[in-house]
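S.K.: Dropping the structure in here first, questions after.
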Amino acid sequence: MLEIQRIRNNKEEVIEGLKKRHFEASELIDLILTKDQEWRKQKGALEDVAAEMNRISKSIGELFRQGKKDEAEQAKAQTGSLKDDENKLKEQVQALEQEINELMYQLPNVPNELVKPGKSEVDNEIVEEQGEAVQFDGKALPHWEIASKYDLIDFELGVKVTGAGFPVYKGKGARLQRALISFFLDEAVKAGYQEHIPPLVVNEASGFGTGQLPDKEGQMYYIGEDDLYLIPTAEVPLTNLFRNTLIPQEDFSHKLCGYTPCFRREAGSYGKDVRGLNRLHQFDKVEIVRIEHPKNTARALDEMVDHVKGLLEKLGLHYRILRLCGGDTGFAAAMTYDFEVYSAAQEKWLEVSSVSRFDTFQSTRLKLRYKTAEKKNELCHTLNGSALALPRIVAALLENNQSEKGILIPEALIPYTGFEVID
RNA sequence: GGAGAAAUGGCAGAGUGGUCGAUUGCACUGGUCUUGAAAACCAGCGUACCGAGAGGUACCGGGGGUUCGAAUCCCUCUUUCUCCGCCA
């Protein structure tokens, strides 16, 4: 959520910034500011009445103490209409607050100055490309055929047990998953991120804190009986560890990581894109999260990008980095870098990581602040990124590393898999 | 799942209808004293919103109610603790 203060003071900057998303905000913002002005007026009136009520109440107490019962009763009588006014104003103020909030929720984050305008993924900038496409003599098999050939992943069994999008990993396929998780976690810990095992189910307040609610309600699995949500990413529980937190000093940097399964309903997806591991309802991911002083955010984002690059290079994957254009940048993010690996058999790029800075968009909702040297409370910045999401990494590894001898495991992963080849 | 107890400021812990936004202790910050430190003493020390400011309003686990007035009474939810049951 944007800060109302920012909209009051820098209305034009917000409107201009949101244009990069092709989001026309001026009408919405004018409406918000009108309601805000009305709110301030009513709120002031309400507080005046409340102050008057408080004053009378105190005097009644004083009169009773002095034994002046009659005068006290008289004073009581005059509060009646004041109380009506108070209740009426309170209703109006609350209604306005709700209206303003609902309007505020519709405003996405303002893109960073580096973000280029654009409508969709076709406008994303490729900022870097490393490695080159693997060449095959014959035809390369897609990963779902490899998975079945070596009995690594069983999609049909998953359908039987649960439904489409819930694969069952078996044998070396399961071991490869576990190896990747351990590898990613070890690398994150080496880079200074503290490992966490968070809950996989969160409450409504947490979903709201990181911005999944109310914007993307339909994306999450909802457990109605207990009013809880299955996490779509570890970002939600990890960032919410810091909900309602005041960090007592100005000099801080919290770096955390965690492996979790992620659950996404992916309502409306179908077709070729969902084949095999390309899009799942349940998948594994190691996430890195940072809570930073605003002055360190740019550097933190660069460090996270470098970390993900390091992982992909150790796995020997051909990858590229995109800076998303305004229109493709997620609702809550100010800037996002996507990482894509090249899938040799499918002959397309697969997104395997998304690294974003949110600035104060999440911390406003989270009430996550730090204390400045001048004893002021200021909002922290939050960032997060996948490091990495497993399924498409597995897809790329299987497809790119296929050979006559079988699937060759990258050097860096062998200590974790315990085998060098899948055959 | 059943029975009981509890939830107050960074922590501890008072407060059971009327100057209580909240006694006190510890911690913390500044000052005096000291060669320095400790001790002692003095002062300060929650958050949010509105306001140019003076100041005002709200907040004693969350929500609702009673009352002129609620930390205090009532309802409800949540969490924690103790006992019983069940269980990886």
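The values are calculated or read from the model by the stated rules, or taken from the named source; none is laboratory data. Remember, predicted model here, so these are calculated numbers, not experimental data. Note that we place each Cβ from the backbone using ideal geometry, even for glycine, and neighbour counts take in every protein chain shown. Please note that ligands, DNA and RNA were not included when accessible areas were found on the heavy atoms of the full protein model with its side chains. Shrake-Rupley method; radii C 1.70, N 1.55, O 1.52, S 1.80 Å.
S.K.: Could we say that A:Gly61 is open to solvent by less than 70 Å² (accessible area, probe 1.4 Å) and in a loop (DSSP other than H, G, I, E, B) here?
M.R.: no
S.K.: Kindly indicate which of A:Ala387, A:Ala345, A:Ala333 is in a loop (DSSP other than H, G, I, E, B), crowded, with 24+ Cβ neighbours inside 10 Å, in contact (Cβ under 8 Å) with a residue 40 or more places away in the chain and not hydroxyl-bearing (Ser, Thr, Tyr).
M.R.: Selected residue: A:Ala333, the only one of A:Ala387, A:Ala345, A:Ala333 that is in a loop (DSSP other than H, G, I, E, B), crowded, with 24+ Cβ neighbours inside 10 Å, in contact (Cβ under 8 Å) with a residue 40 or more places away in the chain and not hydroxyl-bearing (Ser, Thr, Tyr).
S.K.: In the range A:10-29, how many residues are small (Gly, Ala, Ser) and either within 16 Å of RNA strand B (Cβ to nearest atom) or not in a helix (DSSP H, G or I) (or both)?
M.R.: 1
S.K.: Here is a list of conditions, (1) within 28 Å of A:Thr372 (Cβ to Cβ); (2) open to solvent by 20 Å² or more (accessible area, probe 1.4 Å); (3) not aromatic (Phe, Trp, Tyr), and A:Ile223 meets all of them except one; can you say which number that is?
M.R.: Tallying (1) within 28 Å of A:Thr372 (Cβ to Cβ); (2) open to solvent by 20 Å² or more (accessible area, probe 1.4 Å); (3) not aromatic (Phe, Trp, Tyr), A:Ile223 fails exactly one: (1).
S.K.: Hey, another quick one. Just to be sure I understand the filter: pairs with C-beta atoms under 8 Å, separated by 6 or more residues or on different chains, first member in the range A:33-46 and within 18 Å of A:Glu102 (Cα to Cα), second member within 8 Å of RNA strand B (Cβ to nearest atom) and in a helix (DSSP H, G or I). Which pairs pass?
M.R.: Between residues of the range A:33-46 that are within 18 Å of A:Glu102 (Cα to Cα) and residues that are within 8 Å of RNA strand B (Cβ to nearest atom) and in a helix (DSSP H, G or I), the close pairs are A:Leu33/A:Arg8; A:Asp36/A:Ile4; A:Asp36/A:Arg8.
S.K.: Within the group A:Val110, A:Val49, which residue is in a helix (DSSP H, G or I), surrounded by 15 or more Cβ atoms within 10 Å (Cβ to Cβ) and in contact with a Leu (Cβ under 8 Å, 6 or more places away or on another chain)?
M.R.: A:Val49
S.K.: Just one of (1) buried (at least 24 other Cβ atoms within 10 Å of the Cβ); (2) under 26 Å from A:Pro248 (Cα atoms) trips up A:Ile422, so point out which.
M.R.: (2)
To keep it simple, each residue is scored yes or no on (1) away from RNA strand B (no atom under 16 Å from the Cβ); (2) touching a helix residue (DSSP H, G or I) at 6+ places or on another chain (Cβ under 9 Å); (3) at pLDDT below 95.
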position	(1), (2), (3)
A:Glu347	yes, no, yes
A:Arg357	yes, yes, no
A:Thr372	no, no, yes
A:Gly385	yes, yes, no
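S.K.: Of the residues that sit in the range A:252-289 and are under 18 Å from A:Lys367 (Cα atoms) and open to solvent by 10 Å² or more (accessible area, probe 1.4 Å), which one is modelled with the lowest pLDDT?
M.R.: Once the filter is applied, the top-ranked residue is A:Phe252.
S.K.: In the range A:72-105, how many are part of a helix (DSSP H, G or I) and under 20 Å from A:Asn54 (Cα atoms)?
M.R.: To start, the set of residues in the range A:72-105 that are part of a helix (DSSP H, G or I) comprises A:72-77, A:79-104.
So of that shortlist, the ones also under 20 Å from A:Asn54 (Cα atoms) come out as A:72-77, A:79-91, A:93.
Number of matching residues: 20.
S.K.: What are the residues in the range A:170-209 that are outside any helix (DSSP H, G or I), open to solvent by 50 Å² or more (accessible area, probe 1.4 Å) and not β-branched (Val, Ile, Thr), if any?
M.R.: A:Lys170, A:Gln194, A:Glu195, A:Pro199, A:Leu200, A:Asn203
S.K.: Moving on. Condition first: more than 12 Å from RNA strand B (Cβ to nearest atom) and part of a strand (DSSP E or B). Now tell me which residues in the range A:359-370 satisfy that.
M.R.: Residue satisfying the conditions is A:Asp359 alone.
S.K.: Considering every residue within the range A:55-62, establish whether at least one is more than 30 Å from A:Asn101 (Cα to Cα), in contact (Cβ under 8 Å) with a residue 24 or more places away in the chain and touching a helix residue (DSSP H, G or I) at 6+ places or on another chain (Cβ under 8 Å).
M.R.: The answer is yes, given that some residue of the range A:55-62 is more than 30 Å from A:Asn101 (Cα to Cα), in contact (Cβ under 8 Å) with a residue 24 or more places away in the chain and touching a helix residue (DSSP H, G or I) at 6+ places or on another chain (Cβ under 8 Å).
S.K.: Go over the candidates A:Tyr259, A:Tyr319 one by one and state the one that is under 18 Å from the mean Cα position of the chain (by Cα) and among the aromatic types (Phe, Trp, Tyr).
M.R.: Among A:Tyr259, A:Tyr319, only A:Tyr259 is under 18 Å from the mean Cα position of the chain (by Cα) and among the aromatic types (Phe, Trp, Tyr).
S.K.: Could you check the range A:79-96 and list, in sequence order, the residues that are open to solvent by 80 Å² or more (accessible area, probe 1.4 Å) and within 9 Å of RNA strand B (Cβ to nearest atom)?
M.R.: A:Lys83, A:Gln94
S.K.: So if I check each of A:Ile7, A:Ile32, A:Ile56, which one is surrounded by 13 or more Cβ atoms within 10 Å (Cβ to Cβ), hydrophobic (A, V, I, L, M, F, W, C), more than 12 Å from RNA strand B (Cβ to nearest atom) and part of a helix (DSSP H, G or I)?
M.R.: A:Ile32
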